[in-house]
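Inspection log for the structure reproduced underneath, given as structure tokens.
The values are calculated or read from the model by the stated rules, or taken from the named source; none is laboratory data. Bear in mind the structure is a predicted one, so any value in this text is a computation, not a measurement. Here the Cβ positions follow ideal geometry from the backbone for every residue, glycine too, while neighbour counts run over all protein chains shown. Please note that ligands, DNA and RNA were not included when accessible areas were found on the heavy atoms of the full protein model with its side chains. Shrake-Rupley method; radii C 1.70, N 1.55, O 1.52, S 1.80 Å.
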Amino acid sequence: MKRLLVALCAALFATPAQAYTLVTSVSESCHERLTFEAISLVLAEFEFDPSGTGLVVPTDRVTRRFMDNVRRTLPEDTADELVFIAMSMITGVRAPDTEGHSTLNLTALRRLHADPSPIGQYAHALRGPADDGLQGDLTAIEGTKQVIREEIALALAAARVVDGKIVDVIEPRPLFVDHYGTVDLKVSLVGYHLGRALHAMQDAHAHMVRSGENYEHIVHVTNYVDAVNGHLKESRDGLAHSDALDDCSREDVAPIAEAARARSVALANAFGSIRADGGEALERGLSACPDNATDPFQCGWLEYEPVCQAAIEAGDTEKQAEVCCTAANDFCEDTVPAAKIAHEDPAGPYLGCQTTPGAPSGANGWWVALIGLLGLLGRRRLGAAVPFVLLLVPGLANAQATTIETVEVKHPWSIALEGHGAAINDTPNASFLDVEFGYTLRAGYQIDRWRITAVVDRSWWVPMEFGVRVDRGTLNLGIGGEVHFFDGFIRSGITLGTASLLFDTAFDESGEFGYYSEMRPAGFRWLPIENLAIVFDPATITFSYPVVRNPPLRKLHRRASVGVEYLF
Amino acid sequence: MTSSILSPRWASALIFVIGLLSGCVAPGYHTREIMFHAEGAASMVSEEAGEPGLMRAFAVAGRGHYQYERWSFGMVTELNMFRTREIDQDWDALAAGLIGADASYLSANGYIRSMLSAGLAVLVEGTDIDEPGAVGFYIESRPVVFRFQMDEDLILSFAPLSGLVMVPEPAGIPIVDAQYRFAVGVEFL
């Protein structure tokens, strides 16, 4: 049973980094990378017999498709059960940071990371808002241990043993997938909760400053919630969360990441043996190492520096000043290498604005952001020109517009090439940015003020969840109509047609076929020479729906487009 | 001119002035020197799974304008009620008051107005982790507002699609809300 449990546990961590790239565009993620490295070690030691479990892997299309993506980076003969648990682990290890939302969903981030409740911070091995001074270090460490215990308990509760077999509870959990948004994915709750526990363990190396040959002693716990709210006082609240210490790709952080990986393996093994040893290995890991400990990674996972801890518990402030890492000695910046890194890239308010507890927040900061916005626009030629062009175009167009209708009668045929782009998304449950760009070819025939059009529209999509890349998007074909008014100066139009998916997504393959619609409430036209018009549509609504089955793939974009139209 | 005068900022200003001058050529608009607007706006969400056609935001606003030729400048106050998603997918209701200045431009013989507006956004009603009273900022662009004269002193206006970005809580991880919305209103001349 122990081998089975450990092997099952091992599977939970079988999450090759490339799998995330395939599934959710993750290219660089410390949590996934550390998890993958940890499981590689565990898998090499144990074998897994899927017939020993009562796990029934879901057979629906979405689960299978997602599993296929994970399977590509596992050995060919990997059992379905292992692949499924690995997939569940992916969902779990990412969950504490996003809870299934986009990392560019500011509303969700605000909820998750600026959450003043201490438990929300302990899930990331950080101080709670009230965890001040040296005592705050100890409180945060105990809180983090509690989070790990609770997640392990939830994993255990899901892994019931029935007739000698493990019967895992399978439930949907949200995962943000590029282009689809938040998708409810069926997961093994064992894998899911162990992923969450492992997340806390790894954050205990990224957010806690450690010393010692194996980074076995915590000397300081960093602070995010006070830092991001802009009222962090180091002597009271500790060091701000460091993006540098969080970056496992840095050469000087690599040894710390290695320690995190070793303790991830130890946590996996401890879970595997939990039914056999009654949780002894887990408690050993969460307790201080005894003097005769031989493996530094099997114990003391979250052990505070013992001499300092003794001074804190004794209330000996003189000793604390001598042996502990505090603001007075720059948190041991000169003696602890990790502390030096932790001083780099501190977290702070996103817009440079502070909150003042007990007073209306942001009162002193709004203008900073406004000036920043204006400055940003001012530094970019195009950005600065946009609002003025917006006003300028109607003026120029109107000065020329009276001739357009006459020209259209003379030259009823037209062909137009337009470039378009969209960026900001107002869907509340999605990324704030949803970038697309492309071009549209539009051929038309004019009768009086009405025009019939044939449209070929090409749209590339830019997923931004983890890094930026360009996906091939869709090819949209449609038939539409336009009406021109105000002497041809303004046009409104609608197009209906088909959308074809041109690339493989997490759940669907290229070639999927759905609907496309476009509505242009009002666009401007300007005729600088007789049969050439410049067209500008400041706000066009397009709805591209290339995959209509569940989960649907549909994109609502608000484009701006500009182009030229040749009349003949 | 020196090269420094041709910086992007100056070039934009130059374009702006040219636009202003080019615009002051066609009188005959549906305008008076002083105008007051009352309007309502709504933002629809249609791509959220399972909840098509959901109204996510609703706003009422009042505007006062001074008109000079094609250009008008004024003040706007707006109460914007909007909803965001909680982590557990429930809806959270918020409200912000917008107080700002706007500039608009008439074209197509006064049938079309293009407008930019910017100013302060005050959080009136927040979530349980927000403090009402936070002050941020907003910017809104209405590229096209159709205007139809109903009476000598009354114009019906319709903006089919405008874009609003407001940051009523700029501190910490800010509250940023983008709304694509349509607006209908009346203008009293």
- [ ] Spot the failing condition for residue B:157; the list is (1) over 30 Å from residue A:95 (Cα atoms); (2) of a type in the set (S, T, N, Q); (3) facing chain A (nearest Cβ under 7 Å), and only one is missed.
- [x] (3)
TODO: Quick one: count up the residues across region B:168-189 that are within 14 Å of the chain's Cα centre (by Cα), within 11 Å of another protein chain (Cβ to nearest Cβ) and among the hydrophobic types (A, V, I, L, M, F, W, C).
DONE: 2
Open item on the list: Show me the strands (runs of 3 or more DSSP E) found entirely inside region A:132-199 where at least 2 residues are free of Cβ contacts under 8 Å to residues at least 60 places away in the same chain.
Closed with: A:170-177
- [ ] Mind listing just one residue for me: the one in region A:101-158 that is over 23 Å from residue A:176 (Cβ atoms) and among the basic types (Lys, Arg) and, of those, nearest to the other protein chains (Cβ to nearest Cβ)?
- [x] A:127
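Please enumerate the residues belonging to region A:108-123 that are crowded, with 17+ Cβ neighbours inside 10 Å and over 16 Å from residue A:302 (Cβ atoms). Steps first, please.
Residues of region A:108-123 crowded, with 17+ Cβ neighbours inside 10 Å: A:108-115, A:118, A:120-123.
Scanning region A:108-123 gives A:108, A:109, A:110, A:111, A:112, A:113, A:114, A:115, A:120.
This table checks each residue for (1) out of contact with any strand residue (DSSP E or B) (no Cβ under 8 Å at 6 or more places or on another chain); (2) modelled with pLDDT under 90; (3) more than 7 Å from chain A (Cβ to nearest Cβ).
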site: B:101; (1), (2), (3): no, no, yes
site: B:111; (1), (2), (3): no, yes, no
site: B:121; (1), (2), (3): no, no, yes
site: B:149; (1), (2), (3): no, yes, yes
site: B:152; (1), (2), (3): yes, yes, yes
site: B:161; (1), (2), (3): no, yes, no
Open item on the list: Being in contact with a strand residue (DSSP E or B) (Cβ under 8 Å, 6 or more places away or on another chain) and open to solvent by 40 Å² or more (accessible area, probe 1.4 Å) narrows it down to one residue among A:104, A:156, A:126, A:138; which is it?
Closed with: A:104
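Among the listed residues A:458, A:469, which satisfies the condition of being in a loop (DSSP other than H, G, I, E, B) and surrounded by fewer than 19 Cβ atoms within 10 Å (Cβ to Cβ)?
Details: A:458 fails: in a loop (DSSP other than H, G, I, E, B).
Just one listed residue meets the conditions, A:469.
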Open item on the list: For region A:546-559: of the residues being open to solvent by 40 Å² or more (accessible area, probe 1.4 Å) and closer than 17 Å to residue A:502 by Cβ, which is nearest to the other protein chains (Cβ to nearest Cβ)?
Closed with: A:554
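Residues are listed down the side, and each one gets a yes or a no for (1) part of a helix (DSSP H, G or I); (2) under 22 Å from residue A:344 (Cβ atoms):
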site: A:230; (1), (2): no, yes
site: A:249; (1), (2): no, yes
site: A:263; (1), (2): yes, no
site: A:266; (1), (2): yes, no
site: A:285; (1), (2): yes, no
site: A:292; (1), (2): no, no
site: A:297; (1), (2): no, no
site: A:301; (1), (2): no, no
site: A:313; (1), (2): yes, no
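Which one of these is assigned to a loop (DSSP other than H, G, I, E, B) and not β-branched (Val, Ile, Thr): A:551, A:521, A:528, A:538?
Details: A:521 fails: assigned to a loop (DSSP other than H, G, I, E, B); A:528 fails: assigned to a loop (DSSP other than H, G, I, E, B); A:538 fails: assigned to a loop (DSSP other than H, G, I, E, B).
One residue alone meets the criteria, A:551.
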- [ ] Tally the residues that are open to solvent by 10 Å² or more (accessible area, probe 1.4 Å), more than 7 Å from chain A (Cβ to nearest Cβ) and modelled with pLDDT under 95, restricting the search to region B:127-144.
- [x] 4
Open item on the list: Could you tell me how many of the residues in region A:478-502 are at pLDDT 90 or above, part of a loop (DSSP other than H, G, I, E, B) and open to solvent by less than 20 Å² (accessible area, probe 1.4 Å)?
Closed with: 0
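Of the residues that make up region B:70-89, is at least one open to solvent by 30 Å² or more (accessible area, probe 1.4 Å), modelled with pLDDT of 85 or more, more than 22 Å from residue B:167 (Cβ to Cβ) and not hydroxyl-bearing (Ser, Thr, Tyr)?
We begin by selecting, within region B:70-89, every residue open to solvent by 30 Å² or more (accessible area, probe 1.4 Å); these are B:73, B:75, B:77, B:79, B:81, B:83, B:86-89.
When the remaining residues are screened for being modelled with pLDDT of 85 or more, the result is B:73, B:75, B:77, B:79, B:81.
Remaining after also requiring more than 22 Å from residue B:167 (Cβ to Cβ): B:73.
In the following step, the residues that additionally are not hydroxyl-bearing (Ser, Thr, Tyr) were identified as B:73.
There is at least one residue in region B:70-89 that is open to solvent by 30 Å² or more (accessible area, probe 1.4 Å), modelled with pLDDT of 85 or more, more than 22 Å from residue B:167 (Cβ to Cβ) and not hydroxyl-bearing (Ser, Thr, Tyr).
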Open item on the list: Being within 14 Å of another protein chain (Cβ to nearest Cβ) and touching a residue at least 24 places away in the same chain (Cβ under 8 Å) narrows it down to one residue among A:497, A:514, A:478, A:563; which is it?
Closed with: A:514
